[in-house]
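Have a look at the structure below, then the notes.
The values are calculated or read from the model by the stated rules, or taken from the named source; none is laboratory data. Here the structure is a predicted model, which is why all the values come from computation and not from measurement. Cβ sites come from the backbone with ideal geometry, for glycine too, and all protein chains shown count toward neighbours.
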Amino acid sequence: MIDLYYWTTPNGHKLTLFMEESGVAHRIHPVNISQGEQFAPAFLAIAPNNRIPAIVDHAPADGGGPLSIFESGAILLYLADKTGQFIPQTLRGRNECLQWLFWQMGGLGPMAGQNHHFVQYAPERIPYAMDRYVKETARLYGVLNKHLADGREYICGSSYTIADMACYPWVVPHERQRQHLVDFPALAAWLARVAQRPATVRAYALAQTINTAPTVDSQSKSVLFGQDASTVR
């Protein structure tokens, strides 16, 4: 059994996509990050970076006690290896998948995240910051679009992998990121293919039952964006 600590963010969706695709037995523990639940001591014992998602595996392969893991990319890789699903088993295929997983973790996610912040949430409009992150998001969309333009069905070819699960939730809010999918036709086709997968439909339907009021208000902004070093002391 896997305990999944989750909220309805792009990084959280990565893990519900995996769970729905794989059928791994799991329990979802909602962590409402807008209400500060990510700072609860019990959660910090699992995820010291006070971010979702995180998991606890109660039956790790080494036969030891419960194993906790934080960081969405690390969790995806752990679950793919644990189950033998959604990661290529060949040397070249595995490394292609890992490259795109890390590309999302180091590029698409952080840059789109900053895009979201400065375009949607920042209390003052900073044109330079908005332009910087909107353009960098577009560049990254262009990188993935070019990669997909050779006719491949998914990021690693004909097989759906954790690379797709990592990237998809960060492209779903493309309108909020001021991106126009007409400029990225191969990316748009890939997005539609992933959206039509039954597990994707189930994962996003689940999110709507967990977070029924996704509006970010002034109180939640102070929780989400008011952190500094004192937060973790």
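A compact table of results
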| item | result |
| --- | --- |
| Region 52-103, residues that are in contact with a strand residue (DSSP E or B) (Cβ under 7 Å, 6 or more places away or on another chain), within 18 Å of PRO169 (Cβ to Cβ) and not in a helix (DSSP H, G or I) | ILE52, PRO53, ALA54, ILE55, PHE70 |
| Pick from region 192-216, criterion free of Cβ contacts under 8 Å to residues at least 12 places away in the same chain and part of a loop (DSSP other than H, G, I, E, B), ranking: nearest to MET19 (Cα to Cα) | GLN196 |
| Of all residues making up region 95-119, the number that are within 18 Å of HIS180 (Cβ to Cβ) and without any contact (Cβ under 8 Å) to a residue 60 or more places away in the chain | 2 |
| For ASP62: the one exception among (1) surrounded by fewer than 19 Cβ atoms within 10 Å (Cβ to Cβ); (2) under 17 Å from TYR160 (Cα atoms) | (2) |
| Some residue of region 131-148 being of a type in the set (S, T, N, Q), in contact (Cβ under 8 Å) with a residue 12 or more places away in the chain and surrounded by fewer than 17 Cβ atoms within 10 Å (Cβ to Cβ) | no |
| Selected residue (only one of PHE39, PHE102 is over 29 Å from THR137 (Cα atoms) and of a type in the set (Phe, Trp, Tyr)) | PHE39 |
| Which listed residue is over 27 Å from ARG176 (Cα atoms) and without any contact (Cβ under 8 Å) to a residue 40 or more places away in the chain, from ASP62, ASP57 | ASP62 |
| Check on THR16, within 17 Å of ASP164 (Cα to Cα), touching a strand residue (DSSP E or B) at 6+ places or on another chain (Cβ under 7 Å) and at pLDDT 95 or above | yes |
| Complete set of residues in region 78-94 that are touching a residue at least 12 places away in the same chain (Cβ under 8 Å) and farther than 17 Å from ILE52 by Cβ | ALA80, LYS82, THR83, GLN85, PHE86, ILE87, PRO88, GLY93 |
